[in-house]
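**Student:** The structure's right below; bear with me while I get my questions together.
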Amino acid sequence: MANDNSPHREQIDVISGARILSQGWDSEVRYDIHIEDSNIKNIVSHTSGVGSYTPEKVLDARNCLIAPSLCHAHIHLDKCFLLSDPKFADLEIVKGDFAEAMEITAKAKARFDKDDLLRRGKWLIAESIAAGVTHMRAFVEVDHIVRMKCLDAAIELKRYFATACDIQVCAFAQEPIYSGTHGAANRELMEAAVFNEHVSVVGTTPYVENDEDNMKKNIEWAIRMGSACIVHLDFHLDYNLDESRKIWTDFVVEKLESMSLYQRDRLSSENTTVILSHCSRLTLHDEPDWRALSQRVQHLELYFVGLPTSDLYMMGKPRVDQAGQGGGERVRGTLQIPQMIQKYGMQGAIAINNVGNAFTPYGSCDPLSIASTGVGLYHAGTKQDAQTLYECVSGRAIESIGHTLRSFAIGEPADFVLFDMGGAEGGLLSSQRGRKTLQEVLYDPPKERKTVFKGHLITT
């Protein structure tokens, strides 16, 4: 990548004539957004001129819709696009279950090298920026198979895209760190990775351990490491629909309750957060369970991140009878994130998780696609639902990974995505059919977009 050109940045002082898609702003009014030192300096009703600003630093939005930028709260950088990279063409999906996904991924990891990690990672990040992403939490695995290969590639990609996207690196233990032949080696490698200055998050998958005792050790180890290094925590947790199994969310909350590092502190501009991902077992909760959990987490910097595309695919196999015959029933579960936010006052976001691999072979790098899927998945078609779903891949997602909640206000970071409104004469972009409300954007996301990061127009 040393010979590649870095993403192109064009400084912007004014975005002229945009329609703001955010709470508190009239989408029928055109605005001029003035930018200074990477932040919003002022927002005024659109006028025919933009004062003393030089023309080359004025972006003429020409009626386009502008909204806070998007965020990947949870995406795996190292194992993206394995199914479309010719190097791994022989690793085909046959069963489509979790065990096979782990097996295929382990075989792929054994072949990982710097070139393919950088190539596939660059695909993912560039496509994400083009979709409007300015922030992401990127998971990379550290274990006896890949050792530090994935982490080294992530650090190089983080540097390469530093002027175009804020990439938060998560050192991730997909393999057991206490059980199995390689548990101790995996743990030793993870401990070295977490102390790397470029790592902001420690992530684990407790359910891959071979028994409950080792699952407890896995969780306790992650919390100790997070506290020692003052980094964020991210757990893949409770990924089942079995009422007879222990709920590990409760165990994590219990361990966090006495730790000041992960307490909610809104006076801080950057908070150390804990994310619990998947957690499909919680969908079997009844009303008292939800109320009790909500009360327990209110004082914690704890966020739930739903990963619906992976959840639906991994849980999509039909049930079979004793004769091995499959029926039509396909039991699935994914966290009802909008309900958790709106009804129970909990903190959460939704994310893509995987792109183009055996865990999730379908989908794109566009977070708005997952929010759009949420309209049907969560039966969320109202104006309020549209606002919540957009926030779940924008401001709430950014907040979940430790930054402040983003909105259109003076002093806020100038991180935006511009959508083609369509149908406007001389429009900045190209589509014909217009979307004029946030609901319309959620129902059918516009394909043509422009991304602004820290007051600069980004092209990759």
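The values are calculated or read from the model by the stated rules, or taken from the named source; none is laboratory data. The shown structure was predicted, so the numbers you read here are calculated from the model rather than taken from an experiment. FYI the Cβ positions are ideal-geometry reconstructions off the backbone, even for glycines, and counts take in every protein chain you see. Each accessible area value is taken on the protein alone, full model and side chains, heavy atoms only, with ligands, DNA and RNA left out. Shrake-Rupley method; radii C 1.70, N 1.55, O 1.52, S 1.80 Å.
**Student:** Could you list which residues have their amide H under 5 Å from that of residue 40, counting only those 5 or more apart in sequence or on another chain, with H placed in the peptide plane?
**Tutor:** 411, 412, 414
**Student:** Using 0.36 nm times the number of residues separating residue 93 and residue 437, minus their current alpha carbon distance, what extension gain do you get?
**Tutor:** 119.8 nm
**Student:** Pulled fully out, how much extra length does the chain show between residue 291 and residue 47, if you take 0.36 nm times their separation in residues and subtract their Cα-Cα distance?
**Tutor:** That pair, residue 291 and residue 47, stretches by 82.9 nm at full extension.
**Student:** Working only with C-alpha atoms, what are the Rg and Dmax values of the chain, expressed in angstrom?
**Tutor:** Rg and Dmax of the chain, Cα atoms, are 22.1, 78 Å.
**Student:** Please work out how much length the chain gains when fully extended from residue 36 to residue 184, using 0.36 nm per residue of separation minus the C-alpha to C-alpha distance, in nm with one decimal.
**Tutor:** So the chain would gain 48.2 nm between residue 36 and residue 184.
**Student:** Within the accessible area of the chain, what % is carbon and sulfur when the probe is 1.4 Å and the other protein chains stay in place?
**Tutor:** Here carbon and sulfur together make up 47 percent of the probe-accessible area.
**Student:** Now a separate question. Return the calculated 222 nm mean residue ellipticity for the chain, to the nearest 500 deg cm²/dmol, obtained by summing -39500 (n - 2.57) across DSSP H runs with n ≥ 4 and dividing by the residue count.
**Tutor:** -9000 deg cm²/dmol
**Student:** Which helices pass in the chain if a helix is a full DSSP H run, must span at least 24 angstrom along its long axis by Cα, and must have mean Kyte-Doolittle hydropathy not below -1.0?
**Tutor:** The answer, listed by residue number, is 114-131, 212-229.
**Student:** FRET efficiency for residue 245 and residue 339, Cβ-Cβ distance as r, R0 = 25 Å, nearest 0.05?
**Tutor:** In this case the efficiency is close to 0.65.
**Student:** Decide, for segment 173-258, between rounded, prolate and oblate: order the square roots of the alpha carbon gyration tensor eigenvalues as a ≥ b ≥ c, take rounded if a/c falls under 1.5, and otherwise choose prolate if a/b is larger than b/c, else oblate.
**Tutor:** Oblate, because a/c is 1.5 or more while a/b does not exceed b/c.
**Student:** Quick one: which of 305-318, 92-105 comes out on top by average Cβ neighbours within 10 Å, and what's the full order, highest first?
**Tutor:** Per-residue mean Cβ counts within 10 Å order the peptides as 305-318, 92-105.
**Student:** Report the net charge of residues surrounding residue 38, where surrounding means a beta-carbon distance below 15 angstrom and charges are Lys +1, Arg +1, Asp -1, Glu -1.
**Tutor:** That works out to -2.
**Student:** Taking only protein heavy atoms into account and a 1.4 Å probe, give the accessible area per residue of segment 1-131 in Å².
**Tutor:** The answer is 46 Å² per residue.
**Student:** With a 1.4 Å probe and all protein chains kept in place, how do 383, 122 rank by accessible area, largest first?
**Tutor:** 383, 122
**Student:** Long-range amide H contacts for residue 81: which residues qualify at under 5 Å (H placed 1.01 Å from N, peptide plane, sequence gap of 5 or more or a different chain)?
**Tutor:** 355, 356, 357
**Student:** Show me the ranking of peptides 363-376, 77-90 by mean Cβ neighbours inside 10 Å, starting with the highest.
**Tutor:** 363-376, 77-90
**Student:** So for the chain, averaging the separation of alpha carbon pairs under 8 Å that are six or more residues apart and normalising by length, what relative contact order in percent results?
**Tutor:** 22
**Student:** Given H placed 1.01 Å from N in the peptide plane, which residues other than close sequence neighbours of residue 263 have an amide H under 5 Å from its amide H?
**Tutor:** For residue 263, the qualifying residues are 301.
**Student:** Here is a further query. Along the Cα→Cβ direction, 7 angstrom out, place labels at residue 228 and residue 407. What is the inter-label distance in nm?
**Tutor:** 4.0
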